[in-house]
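Single-structure report; data block below.
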Amino acid sequence: MLSDDVFLELQGIVGADNATREPAILDTYAFQYIAELIVGDNYMGRPCAVVMPGGTEEVQAIVRLCNRESIPYKAISTGWGAYGGSPAPGMLQLDLRRMNRILQIDADNMYAVVEPYVVGATLQAEAMGLGLNCHIAGSGANTSLLASATSVMGQGATGVFTGFSNRNLLGFEWVMPDGELLRVGCLQDSGEWFTGDGPGPSLRGVIRGFAGAFGGFGVFTKCAVKLYPWYGPRALELTGVSPDYEATVPENHAVYLISFRGWQDMKDFGNMVGEAEIAFALIHTPAAPAVVGVTRSNKEFHDLWKSGLFEHMKYSLEVVLTAGNAEEFTYQRDVLEDVIKWTGGKVALCSITGPRYYMDLAVALSRLVRQAGIKKTLRGTPALLTYMATEWRNGRTPALFAKALYLGLIKQCLQARCVFRPGGSFWTSMGGLTSWDCCIENAIEGERIKRGWIEKGILMDDGAEQGWGMLYESGAYAHCEEVAFYDQSDPVCVEGSMGYVTDTVKATIDKHLAMSLNATGDPFHAWYSPHVMNYHHHVAGIKEEFDPANLSEASTYINRGITETLIKLIEEGGGENLDFKDILTLADNEEAPAGTDAGRPAE
Amino acid sequence: MLGKTLEDYEKDMTRCARCSLCKWPPLAQVKSIRYSQVCPAISKYNFHSYSGGGKMIIGLSKLRGRVDYSEEMLNVIYRCSVCGACDISCKYSRDLEPLEILHTLRATCVKDGVAPLPAHRPILDSMRNYDNVWQQPRKKKGSWAKKLDVKNAKEQPVDTLYFAGCTYSLRPEMQGIARTTVEVLQSAGVDLGILGEEELCCGSPAYTIGDEELFVENARKNIKALNSLGVRRVVTSCAGCFGVLKTKYPLVEPANFEVVNVTELLAELVEQGRLSFSRPLDRTITYHDPCHLGRQSETYKPWHGVERKVLNHLVIQDPPKEFNRGTYGVYEAPRKVLAALPGLELTEMERIREFSFCCGSGGGAKSAFPEFALATARERVDEAESTGAEMLVTACPWCESNLSEGIADAGSRLKSASIIELVSYALGGGELS
Ligand SMILES: Cc1cc2nc3c(=O)[nH]c(=O)nc-3n(C[C@H](O)[C@H](O)[C@H](O)COP(=O)(O)OP(=O)(O)OC[C@H]3O[C@@H](n4cnc5c(N)ncnc54)[C@H](O)[C@@H]3O)c2cc1C
Ligand code: SF4
Ligand code: SF4
């Protein structure tokens, strides 16, 4: 409970209209998807207040006040996900929505300086106007670039060209957990933003570690992100009415959906196209969310899905080419088509005009016959053909699907539809950063595990399709995560879904696959750290050094005491049998209230 | 939907992802950072609670007994123009019903006796006592048409009834538009009648404020009266009247007439060559899509099904439900009319059609929170100015009046006008400011 005096002080910092203790408003911060899996309710702990600072100085003043009064605090940018909150009530929530400016776009040096509430969609729109583009995390264009770059993961569909969020982080401004301000990178000395390293040791790794501190390490107030060339129009030309929009695929651009005979071909294709440095996007979308993405409602999806054919389009990759001129485009296309030939791929959809669409469809169908068998194809084909005929009548030709796919990949605008519409919610796991080959191993294992949980009735039956994956930095590394859909309003799912997470985490350890992409927070550390050089000592050490009072709420970062208690429990309690949900419950019980030094090592 | 309770929407509310998509236009349509917000409420007040999704969470918290009514909570619920932009952006991705939930939340407040807000009471009382929202005696409702030679639809059979609405009938600064509408339609040979002082309020304010009882009572009276006329169609030039007549009345009782907006009728007349424009306008204009003419005008398709799960947890509606996603709103008709006017150049704003930014006056916002309504209008005026247009054109008296205030407050050089005024000018009648 926040005292009236402290609340008045907070109002004094941010202005009376920008601070609230109204329970109805606070609840809109406590409510989060996935909360039901973490705390067994749709609401995380209700914050004691929400404040909306308008700038860095206000953030500093708030953090200092929190330190003085021992109030745990956490910042959010757009605030999507339970990690922006705390399982325990009483934390002070900083909503950074008012810090929403693009401070600078340096077109010559190809970077943009942004505040926390700048999202992918807005920076991209402005950058495209200057012939540039930015990396947008796979969460979609509605999420914060700063949050992604400084604090959370960073996977995104165009990663083969635009890298990974942590690698795009240049100079940044950081209100450290005690309220001190640090300008990191060349910003500190030169006031320039073009590098996040030095002079002196780089702090980029320190603030982020593997997956980011998820708000548990102070507040980032500004940052520069790298921009990339955009060889397209200043704005995409859109047609259609919601929910069907399409973009004209510009000259010297193309989008392909290519299907393969099996994993090995898909592996080879990814590696070769990555190495050839020709693609703007190179990504595998599982069939179910892909079909959700191009349909208007769950009903329409179901009608189409019932055909059974899409389950068999599992070995597929989407590729976008964006060239600066015709010559380069010809080169990119020729290389791509050669690789398709070498790897036995078949083009199921392609935006390059010509009679090719129809050929492609025929090829796709014959491929389905091969993969699904003639009977299944014959059974499914009427549904598919009825769908296609209806779509055709409504003017949605395959060309239009290609345009919709292009739009979705460039603008990253369909994520929420793909993952939230089917069941209401989703969970993702596995998907650590590793080689593309290892990603495929991940996918195979993930599929096996998911099938079991579908059979138990816990997850939506999406054909147990393997994960959402893509390559980064021309294929230098990659990730493939195991997306699963469930209904958060259904107790059966809420009760069971964590078991799926446990199984995937255990599999990554047992089979030596990469650490789960969201391996952050004490339960994850407890599973992984003993297998990875007891890394939690380092992470906890960093946290304690910068945040001795442990006030920057760290339930999704690290609390040494809790992690170590859980490690012990796993060791003693036959860890193999301890499921993730039990661990979360234990973590809840163990959690030392922030603001005390419980959880810190003895001096 | 009328008569629904928060319980009916518990699953929808629980399934909100808190993704904030309801704060932006459908993501594909974001064109700049400056005009990237689509929800007037969150644009002004910033706390998540003000967004469509935020209000869904408040609904859930109320239903689960986590929160109790307070002045601040009511402020959150009513500082909202019920413009439905959140609904379109959410439904770009989801099968949820944010706007229905906003209505149900308001209706719950009214049922629980904590609403209407004091500022709304005179409007609703006026509807009860005078059958109009402007606290004017019934007799005055027909005064706008005194000098017109137009049939009284009660006395003579007509093909088309012009339903003028309270604002065009009773606001002196708006009455000219109603008269012009009648003159233009008659000049094109439309067999038109009016109801004059016997025209009742359409009931829209009661619906948007949440007084469902009053709305239903009003709608029943209206449907009965209109059905008895035997007209083929009812044409409105107020987007608010059009919205409820077309989409909400079918929830109350069946009607034996078609409801069209004047822009649709004009587009039809243009297409049939029944309006010939001779006077060039020589102007660059921009067009504001009124919420109730655009995204909120989809024909209501009754659905009384249940939710079913297939593939373990894929949620579908049985029988299939057609979601109103703003796809079939009236967007083309006004643009077709504008395109037919000589010397007129339309330059579009960034937020248009189904993701148009609201003018700010709807949902009782203007009466209860004038500063919010004005801020919203200012935002729209700013966007209109950015197009370089000289004139901000719309097709709704509420929009026109609030945007005019925004223009005045901003000291903007923009002029505001209604489509019918441009049409009339191009036909050789009237003058434009
Ligand atoms: C459907 C979905 C899909 C996702 N897919 C991906 C994906 O493919 N790739 C990926 O990288 N991520 C993914 N994420 C995770 C995450 O949402 C994104 O990384 C996103 O970019 C974060 O932006 P946000 O606006 O949602 O951040 P918020 O929700 O505001 O914050 C995210 C976290 O960062 C912290 N934080 C935010 N701003 C600050 C700040 N200024 N200072 C300190 N801490 C801060 C918060 O406390 C919170 O823990 C996904 C999330 C969802 C919901
Ligand atoms: S209402 Fe819809 S768009 Fe808004 S936060 Fe909820 S799910 Fe997202
Ligand atoms: S109806 Fe309009 S003002 Fe109200 S929450 Fe939705 S978008 Fe915002």
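Summarise the accessible area of chain A (1.4 Å probe, protein heavy atoms) by the percent that is carbon and sulfur. Heavy-atom surface of chain A belonging to carbon and sulfur, 1.4 Å probe: 54 percent. Peptide A:450-456 has a mean of 1 when you count, residue by residue, the C-beta atoms of other protein chains within 10 Å of its C-beta. Summing Lys and Arg as +1 and Asp and Glu as -1 over all other residues whose Cβ lies under 12 Å from the Cβ of residue B:239 gives a net charge of -1. Across chain B, Cα pairs under 8 Å and at least six residues apart give a relative contact order of 16 percent.
Computed over protein heavy atoms with a 1.4 Å probe, the accessible surface of chain A works out to 34 Å² per residue.
In chain B the longest region clear of GluC sites (Glu not before Pro) that are loop-assigned by DSSP and have at most 10 other C-beta atoms within 10 Å covers B:156-430.
Classification of region A:1-141 by its C-alpha gyration tensor yields an oblate form. The axis ratio a/c (a ≥ b ≥ c) is 1.5 or more, and b/c is at least a/b. Estimated from helical segments only, the mean residue ellipticity of chain A at 222 nm is -12500 deg cm²/dmol, where each DSSP H run of four or more residues counts as -39500 (n - 2.57).
The B-A contact accounts for roughly 5600 square angstrom of buried accessible surface, both chains included, probe 1.4 angstrom.
Overall form of region B:164-244: oblate. Here a/c, set by the Cα gyration tensor axes a ≥ b ≥ c, is 1.5 or more, and a/b is not larger than b/c. Label separation (residue B:112 vs residue A:476): 5.5 nm, computed from points 7 Å beyond Cα along the C-beta direction. Expressed as a whole number of Å, what is the distance separating the alpha-carbon centroids of region B:238-266 and region B:414-430? Value for the Cα centre distance between the two parts: 24 Å. Quick one: with all protein chains in place, what share of the accessible area of chain B is carbon or sulfur, to the nearest percent (1.4 Å probe)? After summing per-atom areas, the C and S share lands at 48 percent. The accessible-area loss of region B:78-95 on complex formation, taken against its chain alone with a 1.4 Å probe, reaches 10 Å² or more at B:92, B:93, B:94, B:95.
Per-residue ellipticity at 222 nm from helix content only, as computed over chain B with -39500 (n - 2.57) for each DSSP H run of at least four residues, stands at -12000 deg cm²/dmol. Check each residue of region A:108-131 and keep those whose accessible area, probe 1.4 Å, is at least 10 Å² smaller with all protein chains in place than in the chain alone; give them in order of residue number. Listed in order, they are A:117, A:119, A:121, A:122, A:125, A:126.
Given contacts defined as C-alpha pairs under 8 Å and at least six residues apart, what's the relative contact order of chain A, whole-number percent? Across chain A, relative contact order equals 14 percent. Placing unit charges on the Cβ atoms of the charged side chains and taking the dipole of region A:1-76 about its Cα centre, the candidate lying farthest along the positive direction among A:19, A:67, A:50 is A:67.
First measure r as the distance between the Cβ atoms of residue A:276 and residue A:444, then evaluate 1/(1 + (r/R0)^6) with R0 = 22 Å and state the FRET efficiency to the nearest 0.05. Computed FRET efficiency for residue A:276 and residue A:444 comes out at 0.30.
Rolling a 1.4 Å probe over the protein heavy atoms gives region B:348-427 an accessible area of 28 Å² per residue. Accessible surface computed residue by residue for region B:207-297, with neighbouring protein chains in place and a 1.4 Å probe, gives 34 Å² per residue.
Among the helices of chain B, those built from whole DSSP H runs whose Cα atoms reach 15 Å or more along their own axis and whose mean Kyte-Doolittle hydropathy is at least -0.5 are B:52-63, B:98-111, B:172-187, B:212-229, B:397-410. Based on the alpha-carbon gyration tensor of region A:522-590 and its eigenvalue square roots a ≥ b ≥ c, which shape applies: rounded if a/c is under 1.5, prolate if not and a/b is larger than b/c, or oblate? Judged from the Cα gyration tensor, region A:522-590 comes out oblate (a/c at least 1.5, b/c at or above a/b). Contact with the other protein chains removes 20 Å² or more of accessible area, compared with the isolated chain and a 1.4 Å probe, from these residues of region A:140-161: A:142. Taking the centroid of alpha carbons for each part, region A:515-579 and region A:209-255 are 33 Å apart.
For region B:315-364 versus region A:408-481, the spacing of their alpha-carbon centroids is 36 Å. Among the trypsin sites (Lys or Arg not before Pro) within region A:502-552, those in coil by DSSP and having at most 14 neighbouring Cβ atoms inside 10 Å are A:511.
With pairing defined as another cysteine C-beta under 4.7 Å, the cysteines of chain A that fail it are A:48, A:66, A:134, A:186, A:223, A:350, A:413, A:418, A:438, A:493. Taking every residue in A:411-423 and counting other chain Cβ atoms within 10 Å of its Cβ, the average works out to 6.
Taking Cβ atoms as reference points and 13 Å as the exclusive limit, the residues near residue B:128 contribute a net charge of -2, counting Lys and Arg as +1 and Asp and Glu as -1.
Taking Cα centre as origin and charging only the Cβ of basic (Lys, Arg, +1) and acidic (Asp, Glu, -1) residues, the dipole magnitude of region B:1-115 rounds to 440 debye.
Taking Lys and Arg as +1 and Asp and Glu as -1, the other residues whose beta-carbon sits under 13 Å from that of residue A:448 total -4. The mean count of C-beta atoms from other chains within 10 Å of the C-beta of residues in A:293-299, rounded to a whole number, is 6.
The values are calculated or read from the model by the stated rules, or taken from the named source; none is laboratory data. This structure is a prediction, so every number in the text was calculated from the model and none was measured. When we count neighbours, we look across all protein chains shown, and the Cβ atoms used for this are built from the backbone with ideal geometry, even at glycine. Just the protein is used for accessible areas: all its heavy atoms, side chains included, with ligands, DNA and RNA removed. Shrake-Rupley method; radii C 1.70, N 1.55, O 1.52, S 1.80 Å.
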